[in-house]
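Before any comments, here is the structure.
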Amino acid sequence: MARTVRQLVAALAFGCSLGLCAGVARAETQIAVIVANDAPRLALDDTTLRDIYLKRIYLDQAGHPFVPVNLPPGNPLRSVFSAATFHMKGQQLQDYWNRRYFQGISPPYVLGSEEAVIQFVAETPGAIGYIDTCHLDGRVHPLLLLPVPQTERRAVAAQCPHNTDPDS
């Protein structure tokens, strides 16, 4: 029996060294859509999230305003979030906001870091943001988890201070 367990552990270690277990570590790279820890829990799906960020939905069911926030342009997490949420290329999204601006509607606030997003969301009623799950803490609550495509995981994971897997 002990030999069988040892053989199993050895086989798992060998498989992981070949990269066969890498999918387990990489599967954890996700975007957490967050609200304040004490905020009401929303039933949020991809369409509702998109409409909040495109400012097509302004108020929650209780009549409180949504305050969506973005990371800066060029941030890998923002690129992945935008692609997953809006299904628009950069110029299409820019054109959308140019039209909305002339209707008196400004795009979401831009904050400089994931820590700034957490702090703003934790302290601002109605705020909704997104961060890598590695930055989650007790100040915020994830409403929705979005997968990070395999091709983007390295760039996104590089921003996590606790990431020790260079291949993630």
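The numbers here are math on the coordinates, done by the rules we state, and not lab data. All values reported here derive from a predicted model rather than from experimental measurement. Cβ coordinates were reconstructed from backbone atoms using ideal geometry, including for glycine residues, and neighbour counts include every protein chain displayed.
Miscellaneous remarks
- The Cα-based radius of gyration and maximum Cα-Cα distance (Dmax) for the stretch 94-168 are 15.3, 46 Å.
- Highest average first, the peptides 92-102, 52-62, 112-122, 134-144 ordered by how many other beta carbon atoms sit within 10 Å of their residues are 112-122, 134-144, 52-62, 92-102.
- Each Lys or Arg adds one and each Asp or Glu takes one away; over the other residues whose Cβ falls under 11 Å from the Cβ of R139, this sums to -4.
- Restricting attention to the stretch 28-157, close to 75% of DSSP beta bridges with both partner residues there are antiparallel.
- Here the alpha carbons of the stretch 28-157 define both size measures, Rg and Dmax, at 13.9, 40 Å.
- Vicinal HN-Hα couplings computed from phi for the stretch 30-46 (Karplus, 6.51 cos²θ - 1.76 cosθ + 1.60; Hz; Gly/Pro x): 9, 9, 9, 7, 10, 9, 4, 4, 9, 6, x, 7, 9, 8, 10, 10, 4
- Cα-projected label distance for E123 with Q94, points at 7 Å along beta-carbon direction, nm: 3.2
- Take the Cα of E115, step 7 Å toward its Cβ, do the same at Q103, and the gap between the two points is 3.8 nm.
- Close amide H contacts of D60 (hydrogens built in the peptide plane, cut-off under 5 Å, sequence separation of 5 or more or a different chain): F66.
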